[in-house]
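Student: Just passing along the structure, written as structure tokens.
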Amino acid sequence: MSHPQDSSLRRALFALCCVVAAAPLWATADLPLVDLPQHLHLVSVLHRLRDPTTLFPEWFAARGELTPYLGYYQSVNLLAYVLPLETANRLFLSLYVAGLPLSLAFLLRSLGRQTWPALLAVPFAYGDSFAWGFINYCASLPLAILCCGLFLRTLTEPSRRRWWAGWTAACLVAVLLMHVQAFAFLAFALPGLLLSTRVPEDAPGMSARARIGPRLPALASVVPGVGLFFAWVVLRAGAPAEVEAGAPWKAWGPMLSPQNLGWKSFAQNREELFSLLANQLRDGSDRTAPWAVAAALVLAWGLGLALPPEERDARWRGMGRLVLLTGVALGLFFLLPFDIRGYMYYLNSRYAHLAAGLAVLLVPAVRARAETALHAVGLAVALAVAVPLWNGYAAFSAELQPLREVSAAAGQKARTFGLIFNSASRVVTHPVYLHAAARIAREQGGYANFSFALTPHSPVKYTRPPPPTTASEWRPDQFRYATMGAAYDHFLVRGPAPERLFGPLLGSELEVAARSGDVSLVRRR
């Protein structure tokens, strides 16, 4: 039997783990996430749509409808009324990072299991999807896991069934307001839980109709989310898409046609699964954390198998449903395409983090004393991910200084074209400078040549034809000053010297406003 002091210590260790896990986000205001400059620009537009000192009222408007991604943008927008924008965003990310182990603990508790294994999932809040800046998707994961726990409680707690059903319905809608891909997991997970979970009213010989009755609140709880999903995804997916074979960000054929689906082989997915979990830092120091998790799992299995005979039932309670949820996440990782061109990108790889977070829960229960010790092991795992990431993010902040210096030279309402020939970093592995022009657009209240406002799931849209640009932000070599340059008054260059790009235009129409390292800002005279 657990002593009250042990319970208090475990709660304190769990809380400390959550704080340590989120600590790297506060190492610097400039987090190395590829899409983050775009996200912050859109939130800034949403927040300052009536600000006449910016271009936002002239060029953008709110969509005025519920859309996927709205949950993240509006959450940070509201926080920005009381906090600086970057601080508001880091607070949101901190809630996500802490929310992953907390939601997994809630799921475990809903299954009648010990909650300490949730701490082993802390490293998987980071990794590939986080590094790309897929914040909307990442934020949907704790909500999806929470939804599973709420759904279970709707089934198994008759005295509060309506209460839990209401929360399940709200949580399912919240998942959709963050990202639809987590909903795809729930589309298989919730029916699986429904079919594999006994309710207290079940009895031998009950008719099928009698069995359905206690399950009706759980079934009703998914109706609002399913209706919203069909309105957003199914109906929109059936709408004609602009088809242009070989063009970036456009469909190459009908939505599910072979030419429009980009696949990775099973072998490639298998080889990449582990690396996707920790691949942010070039020095590989963040890869220590998954190995620390593996060591903790070996220890936990050893302790769990030593459980005395009278407690062996508790060892495996709810394990089958955890296997089910993990299998669903792994199935989506291995069976879905990598891209559905014109609709969804980096599709299957995003489920690696969810599968890993669920897989670490597959350990037997341990004795009460060991449970406290394993909370301390969880803290060690959190430190194994937090310390390298803190150092890496701080090093990236120092590397970013040239961009800060040239950005400070931009004028108000800067119309900026990002000529990012070198998007790589010496510190992190992902192309974190790709959207650097959006940083200037946000700071100076202007626009950049590429914006997520072009996508239908953005909370804002252009009110006039977007400024001309290349087919993709990845192809700055396609920039042509004669046909595109007039729409811009600033040109952010990373890589080649501006003289090489603009030639005789420098000194006549254009001038170098600032230069630091391999970053230059050219502006119209």
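The values are calculated or read from the model by the stated rules, or taken from the named source; none is laboratory data. Worth saying up front: this structure is predicted, and the values here are computed from it rather than measured. Note that we place each Cβ from the backbone using ideal geometry, even for glycine, and neighbour counts take in every protein chain shown. Accessible surface is based on the protein model in full, side chains and every heavy atom, while ligands, DNA and RNA are left aside. Shrake-Rupley method; radii C 1.70, N 1.55, O 1.52, S 1.80 Å.
Student: Return the sequence-ordered ³J(HN,Hα) values of segment 513-523 in whole Hz as given by the Karplus equation 6.51 cos²θ - 1.76 cosθ + 1.60 applied to θ = phi - 60°, using x for Gly and Pro.
Tutor: With the stated coefficients, segment 513-523 comes to 7, 7, 8, 8, x, 9, 10, 9, 10, 9, 9 Hz.
Student: Also: Just to verify a number: what accessible area does ASP6 come out at with the full protein assembly present, 1.4 Å probe, Å² rounded to tens?
Tutor: Counting only protein heavy atoms, ASP6 exposes about 50 Å² to solvent.
Student: Could you give me the percent of Cα pairs per 10 Å distance bin for the chain, shortest bin first, beginning at zero and ending with the bin that holds the maximum distance?
Tutor: Bins of 10 Å from zero give 4, 17, 26, 26, 16, 8, 3, 1, 0 percent of pairs.
Student: What list of ³J(HN,Hα) values in whole Hz, one per residue of segment 337-348 in order, does the Karplus curve 6.51 cos²θ - 1.76 cosθ + 1.60 (θ = phi - 60°) give from phi, with Gly and Pro shown as x?
Tutor: Result, rounded to whole Hz: x, 6, 10, 10, 4, x, 10, 9, 10, 6, 6, 5.
Student: Right, something else. Enumerate the lysines that LYS461 could reach by cross-link, defined here as Cα to Cα under 19 Å, with residues fewer than 8 away along the same chain left out.
Tutor: Candidates past the 8-residue exclusion: LYS250, LYS413.
Student: Among DSSP beta bridges whose residues both lie in the chain, state the antiparallel percentage, nearest 5.
Tutor: 65
Student: Would you mind working out the magnitude of the charge dipole of the chain relative to its Cα centre, with +1 at each Lys and Arg C-beta and -1 at each Asp and Glu C-beta, to the nearest 20 Debye?
Tutor: The dipole of the chain has a size of about 980 debye.
Student: Calculate the spin-label point distance for PHE188 paired with PHE334, positioning each point 7 Å from the Cα along the beta-carbon direction, and give it in nanometres.
Tutor: Distance between label points: 1.0 nm.
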